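Novice: Take this structure first; my questions come after.
The values are calculated or read from the model by the stated rules, or taken from the named source; none is laboratory data. Quantities reported herein were computed from a predicted structural model and do not represent experimental measurements. We place every Cβ from the backbone using ideal geometry, glycine too, and count neighbours over all the protein chains shown. Accessible surface areas use protein heavy atoms only, side chains included; no ligands, DNA or RNA. Shrake-Rupley method; radii C 1.70, N 1.55, O 1.52, S 1.80 Å.
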Amino acid sequence: ALLLLMGNPDDPGTLVELPRVFTDEAFRAEKLKYVQDIMVKDFWQREFAQSQKGQMGADMLGYVISKVGRFIENELLRNIIGQQRSGFNFREVMDKNKILLVNLSKGKIGDTSSNLLGLITVSKIQMGAMARADIPASERKDFFLYIDEFQNFITQSISVILSEARKYRLSLNLAHQFIGQLIKNGDTSIKDAIFGNVGSMFCYRIGTEDAEFMARQFAPVFNEYDLMNIEKYNAYVRMMINNQAARPFNMEAMSPVQGDPENFQRVLEVSRQRFGRDKADVQADIVKRSKIGELGMK
(Lines give C-alpha, C1' and ligand atoms only; values in the text may rest on other atoms or scores of the structure.)
Protein backbone atom coordinates (compact mmCIF):
# COMPACT_ATOMS: atom_id res chain seq x y z
CA ALA A 1 0.00 0.00 0.00
CA LEU A 2 2.86 2.39 0.77
CA LEU A 3 4.59 1.51 -2.49
CA LEU A 4 1.32 2.23 -4.27
CA LEU A 5 1.07 5.66 -2.66
CA MET A 6 4.67 6.45 -3.61
CA GLY A 7 4.15 5.45 -7.24
CA ASN A 8 3.67 9.02 -8.49
CA PRO A 9 6.66 11.21 -7.47
CA ASP A 10 4.82 14.34 -8.66
CA ASP A 11 1.81 13.63 -6.43
CA PRO A 12 3.04 11.33 -3.64
CA GLY A 13 0.71 9.90 -1.04
CA THR A 14 1.08 10.10 2.73
CA LEU A 15 0.38 7.89 5.74
CA VAL A 16 -2.92 9.71 6.23
CA GLU A 17 -4.17 8.33 2.89
CA LEU A 18 -3.17 4.77 3.73
CA PRO A 19 -6.66 3.64 4.91
CA ARG A 20 -8.19 5.10 1.75
CA VAL A 21 -6.20 2.64 -0.37
CA PHE A 22 -8.37 -0.18 1.02
CA THR A 23 -11.73 1.59 0.92
CA ASP A 24 -11.73 3.71 -2.26
CA GLU A 25 -11.50 1.70 -5.48
CA ALA A 26 -11.34 4.78 -7.74
CA PHE A 27 -8.52 6.25 -5.66
CA ARG A 28 -6.65 2.95 -5.83
CA ALA A 29 -7.09 2.72 -9.61
CA GLU A 30 -5.84 6.29 -10.08
CA LYS A 31 -2.69 5.59 -8.06
CA LEU A 32 -2.05 2.35 -9.98
CA LYS A 33 -1.67 4.34 -13.22
CA TYR A 34 1.70 5.61 -12.04
CA VAL A 35 3.12 2.43 -10.47
CA GLN A 36 6.11 0.98 -12.36
CA ASP A 37 6.94 -1.89 -9.98
CA ILE A 38 5.49 -5.07 -11.51
CA MET A 39 5.16 -6.77 -8.11
CA VAL A 40 3.06 -3.92 -6.73
CA LYS A 41 0.90 -3.91 -9.84
CA ASP A 42 0.41 -7.67 -9.70
CA PHE A 43 -0.70 -7.59 -6.08
CA TRP A 44 -3.35 -4.91 -6.52
CA GLN A 45 -4.62 -5.94 -9.97
CA ARG A 46 -4.71 -9.69 -9.43
CA GLU A 47 -4.33 -10.90 -5.86
CA PHE A 48 -6.21 -8.09 -4.09
CA ALA A 49 -8.88 -7.73 -6.81
CA GLN A 50 -9.67 -11.44 -6.74
CA SER A 51 -9.85 -11.79 -2.97
CA GLN A 52 -13.19 -13.22 -1.84
CA LYS A 53 -15.74 -10.40 -1.54
CA GLY A 54 -13.15 -7.94 -0.40
CA GLN A 55 -12.35 -9.92 2.74
CA MET A 56 -8.62 -9.37 2.24
CA GLY A 57 -9.20 -5.62 2.06
CA ALA A 58 -11.20 -5.64 5.28
CA ASP A 59 -8.56 -7.70 7.08
CA MET A 60 -5.71 -5.53 5.84
CA LEU A 61 -7.55 -2.31 6.68
CA GLY A 62 -8.04 -3.46 10.26
CA TYR A 63 -4.35 -4.27 10.53
CA VAL A 64 -3.29 -0.91 9.06
CA ILE A 65 -5.62 1.08 11.30
CA SER A 66 -4.27 -0.72 14.37
CA LYS A 67 -0.75 0.37 13.40
CA VAL A 68 -1.19 3.93 12.10
CA GLY A 69 -4.56 4.91 13.57
CA ARG A 70 -3.04 6.58 16.64
CA PHE A 71 -0.89 8.81 14.43
CA ILE A 72 -3.70 9.75 12.04
CA GLU A 73 -6.10 10.53 14.89
CA ASN A 74 -3.56 12.83 16.58
CA GLU A 75 -4.03 16.30 15.07
CA LEU A 76 -0.43 17.37 15.61
CA LEU A 77 1.00 14.28 13.96
CA ARG A 78 -1.61 14.25 11.21
CA ASN A 79 -0.66 17.77 10.17
CA ILE A 80 2.99 16.69 9.93
CA ILE A 81 2.84 13.24 8.33
CA GLY A 82 -0.09 14.30 6.15
CA GLN A 83 2.02 16.73 4.12
CA GLN A 84 3.35 15.44 0.82
CA ARG A 85 6.75 17.12 1.10
CA SER A 86 8.95 18.26 3.95
CA GLY A 87 9.48 21.96 4.50
CA PHE A 88 13.23 21.40 4.69
CA ASN A 89 15.84 18.91 3.53
CA PHE A 90 17.91 17.01 6.11
CA ARG A 91 20.79 16.49 3.68
CA GLU A 92 20.93 20.21 2.96
CA VAL A 93 20.98 20.97 6.69
CA MET A 94 24.00 18.70 7.06
CA ASP A 95 25.94 19.80 3.99
CA LYS A 96 25.42 23.56 4.46
CA ASN A 97 26.32 23.79 8.17
CA LYS A 98 22.78 24.69 9.24
CA ILE A 99 21.35 24.26 12.74
CA LEU A 100 18.27 22.11 13.27
CA LEU A 101 16.55 22.22 16.66
CA VAL A 102 13.83 19.61 17.29
CA ASN A 103 11.73 20.16 20.42
CA LEU A 104 10.21 16.83 21.41
CA SER A 105 9.03 17.72 24.90
CA LYS A 106 6.61 15.01 26.03
CA GLY A 107 4.85 17.56 28.22
CA LYS A 108 3.93 19.59 25.14
CA ILE A 109 3.27 17.00 22.44
CA GLY A 110 2.77 13.72 24.34
CA ASP A 111 4.67 10.42 24.43
CA THR A 112 3.44 9.04 21.11
CA SER A 113 4.21 12.18 19.11
CA SER A 114 7.59 12.64 20.78
CA ASN A 115 8.71 9.06 20.15
CA LEU A 116 7.53 8.88 16.54
CA LEU A 117 8.98 12.25 15.49
CA GLY A 118 12.24 11.45 17.28
CA LEU A 119 12.59 8.11 15.51
CA ILE A 120 11.81 9.70 12.14
CA THR A 121 14.30 12.53 12.72
CA VAL A 122 17.14 10.19 13.69
CA SER A 123 16.43 7.93 10.71
CA LYS A 124 16.31 10.87 8.28
CA ILE A 125 19.65 12.17 9.56
CA GLN A 126 21.14 8.70 9.22
CA MET A 127 19.90 8.44 5.63
CA GLY A 128 21.22 11.92 4.90
CA ALA A 129 24.64 10.92 6.20
CA MET A 130 24.72 7.67 4.20
CA ALA A 131 23.73 9.60 1.06
CA ARG A 132 27.03 11.45 1.32
CA ALA A 133 28.56 8.47 -0.43
CA ASP A 134 27.90 10.43 -3.65
CA ILE A 135 30.54 13.07 -2.79
CA PRO A 136 34.30 12.67 -2.15
CA ALA A 137 35.32 12.15 1.48
CA SER A 138 37.29 15.41 1.41
CA GLU A 139 34.09 17.39 0.72
CA ARG A 140 32.03 15.91 3.56
CA LYS A 141 31.53 18.45 6.33
CA ASP A 142 31.26 17.52 9.99
CA PHE A 143 27.72 17.39 11.31
CA PHE A 144 27.03 16.94 15.02
CA LEU A 145 23.86 15.22 16.18
CA TYR A 146 23.00 15.70 19.86
CA ILE A 147 20.23 13.52 21.28
CA ASP A 148 19.08 14.25 24.82
CA GLU A 149 17.13 11.51 26.64
CA PHE A 150 18.14 9.32 23.73
CA GLN A 151 16.79 6.15 25.36
CA ASN A 152 13.41 7.27 23.99
CA PHE A 153 14.69 7.04 20.41
CA ILE A 154 16.63 3.79 20.48
CA THR A 155 16.44 1.98 17.13
CA GLN A 156 18.86 0.12 14.92
CA SER A 157 19.59 3.51 13.30
CA ILE A 158 21.63 4.34 16.40
CA SER A 159 23.73 1.18 15.96
CA VAL A 160 24.26 1.95 12.28
CA ILE A 161 25.32 5.54 13.00
CA LEU A 162 27.74 4.37 15.68
CA SER A 163 29.38 1.73 13.49
CA GLU A 164 29.20 3.18 9.99
CA ALA A 165 28.37 6.90 9.91
CA ARG A 166 31.77 8.09 11.12
CA LYS A 167 33.24 7.95 7.62
CA TYR A 168 30.39 10.16 6.44
CA ARG A 169 31.38 12.77 9.07
CA LEU A 170 28.33 12.37 11.26
CA SER A 171 29.27 12.73 14.93
CA LEU A 172 26.83 11.35 17.50
CA ASN A 173 26.46 12.76 21.02
CA LEU A 174 24.17 10.73 23.28
CA ALA A 175 22.93 11.86 26.70
CA HIS A 176 20.99 9.74 29.20
CA GLN A 177 20.76 9.00 32.94
CA PHE A 178 21.67 5.36 33.58
CA ILE A 179 22.84 2.28 31.72
CA GLY A 180 19.64 0.29 32.29
CA GLN A 181 17.86 2.65 29.88
CA LEU A 182 19.90 1.18 27.02
CA ILE A 183 18.39 -2.29 27.45
CA LYS A 184 14.99 -2.84 25.85
CA ASN A 185 13.07 -6.04 26.62
CA GLY A 186 16.25 -7.82 27.58
CA ASP A 187 17.99 -6.85 24.33
CA THR A 188 21.47 -5.50 25.01
CA SER A 189 22.48 -4.89 21.37
CA ILE A 190 22.21 -1.11 21.63
CA LYS A 191 24.18 -1.04 24.87
CA ASP A 192 26.83 -3.28 23.33
CA ALA A 193 27.01 -1.09 20.22
CA ILE A 194 27.48 2.02 22.33
CA PHE A 195 30.24 0.74 24.58
CA GLY A 196 31.85 -1.05 21.64
CA ASN A 197 31.99 2.01 19.37
CA VAL A 198 31.93 5.16 21.50
CA GLY A 199 35.42 6.50 22.11
CA SER A 200 34.81 9.59 24.24
CA MET A 201 32.73 9.41 27.45
CA PHE A 202 31.63 12.15 29.84
CA CYS A 203 30.39 10.91 33.17
CA TYR A 204 28.65 13.12 35.74
CA ARG A 205 27.57 11.85 39.17
CA ILE A 206 26.00 8.40 38.88
CA GLY A 207 24.48 5.71 41.11
CA THR A 208 26.03 2.65 42.73
CA GLU A 209 25.13 0.10 40.07
CA ASP A 210 26.37 2.22 37.18
CA ALA A 211 29.50 3.25 39.10
CA GLU A 212 30.56 -0.39 39.34
CA PHE A 213 30.37 -0.74 35.57
CA MET A 214 31.76 2.68 34.60
CA ALA A 215 34.72 2.46 36.99
CA ARG A 216 36.29 0.02 34.53
CA GLN A 217 36.02 2.68 31.81
CA PHE A 218 37.88 5.29 33.89
CA ALA A 219 40.40 3.07 35.66
CA PRO A 220 43.01 3.49 36.99
CA VAL A 221 42.51 7.24 37.46
CA PHE A 222 39.00 7.22 38.97
CA ASN A 223 37.22 4.57 41.02
CA GLU A 224 33.60 3.86 42.00
CA TYR A 225 33.68 6.25 44.94
CA ASP A 226 34.88 9.09 42.71
CA LEU A 227 32.08 8.51 40.19
CA MET A 228 29.38 8.54 42.88
CA ASN A 229 30.67 11.66 44.63
CA ILE A 230 31.80 14.02 41.89
CA GLU A 231 30.95 17.68 42.49
CA LYS A 232 28.14 19.54 40.76
CA TYR A 233 28.93 20.80 37.23
CA ASN A 234 31.94 18.51 37.07
CA ALA A 235 32.45 15.45 34.89
CA TYR A 236 35.05 12.76 34.47
CA VAL A 237 36.14 12.46 30.85
CA ARG A 238 37.74 9.70 28.82
CA MET A 239 38.55 10.95 25.34
CA MET A 240 39.67 9.28 22.16
CA ILE A 241 42.39 11.44 20.59
CA ASN A 242 43.92 10.43 17.24
CA ASN A 243 42.47 6.95 17.72
CA GLN A 244 44.21 6.61 21.09
CA ALA A 245 42.46 6.53 24.47
CA ALA A 246 43.77 9.47 26.52
CA ARG A 247 44.24 9.35 30.27
CA PRO A 248 40.88 10.15 32.02
CA PHE A 249 40.65 13.60 33.59
CA ASN A 250 38.27 15.88 35.48
CA MET A 251 36.46 18.66 33.61
CA GLU A 252 34.48 21.54 35.07
CA ALA A 253 31.43 22.20 32.89
CA MET A 254 29.65 25.51 32.50
CA SER A 255 26.62 26.05 34.69
CA PRO A 256 23.31 26.69 32.87
CA VAL A 257 22.99 30.22 31.46
CA GLN A 258 19.90 32.34 31.01
CA GLY A 259 18.85 32.70 27.38
CA ASP A 260 17.15 35.61 25.64
CA PRO A 261 13.39 34.85 25.31
CA GLU A 262 12.85 37.71 22.84
CA ASN A 263 15.58 36.51 20.53
CA PHE A 264 14.18 32.99 20.75
CA GLN A 265 10.78 34.21 19.57
CA ARG A 266 12.34 36.12 16.67
CA VAL A 267 14.23 33.05 15.50
CA LEU A 268 11.10 30.92 15.86
CA GLU A 269 9.02 33.32 13.79
CA VAL A 270 11.60 33.54 11.00
CA SER A 271 11.80 29.75 10.91
CA ARG A 272 8.02 29.45 10.65
CA GLN A 273 7.84 31.93 7.79
CA ARG A 274 10.69 30.33 5.88
CA PHE A 275 9.93 26.64 6.31
CA GLY A 276 6.37 26.35 7.60
CA ARG A 277 2.90 26.38 6.09
CA ASP A 278 -0.31 27.86 7.45
CA LYS A 279 -2.10 25.27 9.60
CA ALA A 280 -5.47 25.87 7.91
CA ASP A 281 -3.96 25.27 4.46
CA VAL A 282 -2.34 22.04 5.62
CA GLN A 283 -5.57 20.74 7.14
CA ALA A 284 -7.61 21.64 4.06
CA ASP A 285 -5.12 19.83 1.82
CA ILE A 286 -5.19 16.72 4.02
CA VAL A 287 -9.01 16.59 4.02
CA LYS A 288 -9.08 16.97 0.24
CA ARG A 289 -6.60 14.17 -0.45
CA SER A 290 -7.60 11.71 2.29
CA LYS A 291 -11.37 12.34 2.28
CA ILE A 292 -11.30 12.40 6.10
CA GLY A 293 -14.65 13.51 7.45
CA GLU A 294 -16.23 13.60 3.99
CA LEU A 295 -19.31 11.63 5.09
CA GLY A 296 -19.87 13.95 8.03
CA MET A 297 -19.60 17.05 5.83
CA LYS A 298 -22.17 15.73 3.42
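Novice: Looking only at region 215-255, which residues are surrounded by fewer than 15 Cβ atoms within 10 Å (Cβ to Cβ), in a loop (DSSP other than H, G, I, E, B) and under 32 Å from the mean Cα position of the chain (by Cα)?
Specialist: Passing the criteria: 232, 233, 242, 243, 253, 254, 255.
Novice: Then there's this: Could you check region 265-298 and list, in sequence order, the residues that are of a type outside the set (A, V, I, L, M), surrounded by fewer than 12 Cβ atoms within 10 Å (Cβ to Cβ) and at pLDDT 90 or above?
Specialist: 265, 266, 269, 273, 274, 275, 278, 279, 281
Novice: Kindly check whether there is at least one residue in region 99-106 that is crowded, with 17+ Cβ neighbours inside 10 Å and part of a helix (DSSP H, G or I).
Specialist: Among the residues of region 99-106, not one is crowded, with 17+ Cβ neighbours inside 10 Å and part of a helix (DSSP H, G or I), which makes the answer no.
Novice: Can you name the residue in region 190-211 that is outside any helix (DSSP H, G or I) and under 16 Å from residue 150 (Cβ atoms) and, of all such residues, is nearest to the chain's Cα centre (by Cα)?
Specialist: 198
Novice: Which numbered condition in (1) over 22 Å from residue 65 (Cα atoms); (2) touching a Gly at 6+ places or on another chain (Cβ under 8 Å); (3) part of a helix (DSSP H, G or I) is the only one that residue 45 fails?
Specialist: Single failed check for residue 45: (2).
Novice: Next up: Applying the selection to region 1-15, what residues are touching a residue at least 40 places away in the same chain (Cβ under 8 Å), among the aliphatic types (A, V, I, L, M) and not in a helix (DSSP H, G or I)?
Specialist: The one that is touching a residue at least 40 places away in the same chain (Cβ under 8 Å), among the aliphatic types (A, V, I, L, M) and not in a helix (DSSP H, G or I): 1.
Novice: A further question on this structure: Given the structure, is residue 35 assigned to a loop (DSSP other than H, G, I, E, B), open to solvent by less than 50 Å² (accessible area, probe 1.4 Å) and under 30 Å from residue 133 (Cα atoms)?
Specialist: The answer is yes for residue 35.
Novice: Could you check, for region 16-32, whether at least one of its residues is over 26 Å from residue 117 (Cβ atoms), assigned to a loop (DSSP other than H, G, I, E, B) and open to solvent by less than 70 Å² (accessible area, probe 1.4 Å)?
Specialist: Checked against the condition, which is being over 26 Å from residue 117 (Cβ atoms), assigned to a loop (DSSP other than H, G, I, E, B) and open to solvent by less than 70 Å² (accessible area, probe 1.4 Å), region 16-32 yields at least one hit.
Novice: Check whether at least one residue in region 66-78 is surrounded by fewer than 16 Cβ atoms within 10 Å (Cβ to Cβ), farther than 26 Å from residue 288 by Cα, without any contact (Cβ under 8 Å) to a residue 12 or more places away in the chain and hydroxyl-bearing (Ser, Thr, Tyr), and report yes or no.
Specialist: Among the residues of region 66-78, not one is surrounded by fewer than 16 Cβ atoms within 10 Å (Cβ to Cβ), farther than 26 Å from residue 288 by Cα, without any contact (Cβ under 8 Å) to a residue 12 or more places away in the chain and hydroxyl-bearing (Ser, Thr, Tyr), which makes the answer no.
Novice: Also, I was wondering about something else. Within region 191-220, count every residue that is of a type in the set (Val, Ile, Thr) and more than 30 Å from residue 138 (Cα to Cα). Steps first, answer last, please.
Specialist: Going residue by residue through region 191-220, those that are of a type in the set (Val, Ile, Thr) are 194, 198, 206, 208.
Cutting the leftovers down to more than 30 Å from residue 138 (Cα to Cα) gives us 206, 208.
Counting residues in region 191-220 that are of a type in the set (Val, Ile, Thr) and more than 30 Å from residue 138 (Cα to Cα) gives 2.
Novice: Also, I was wondering about something else. So how many residues does region 48-65 have that are assigned to a loop (DSSP other than H, G, I, E, B) and open to solvent by 90 Å² or more (accessible area, probe 1.4 Å)?
Specialist: 1
Novice: Contact list please: Cβ distance under 8 Å, first residue in region 268-287 and of a type outside the set (Val, Ile, Thr), second residue open to solvent by 60 Å² or more (accessible area, probe 1.4 Å), pairs at least six apart or on different chains.
Specialist: 275/88
Novice: Return the only residue of 125, 120 being part of a helix (DSSP H, G or I) and either out of contact with any helix residue (DSSP H, G or I) (no Cβ under 8 Å at 6 or more places or on another chain) or open to solvent by 30 Å² or more (accessible area, probe 1.4 Å) (or both). Working first, answer last.
Specialist: Working: 125 fails: either out of contact with any helix residue (DSSP H, G or I) (no Cβ under 8 Å at 6 or more places or on another chain) or open to solvent by 30 Å² or more (accessible area, probe 1.4 Å) (or both).
Being part of a helix (DSSP H, G or I) and either out of contact with any helix residue (DSSP H, G or I) (no Cβ under 8 Å at 6 or more places or on another chain) or open to solvent by 30 Å² or more (accessible area, probe 1.4 Å) (or both) holds for just one of 125, 120, which is 120.
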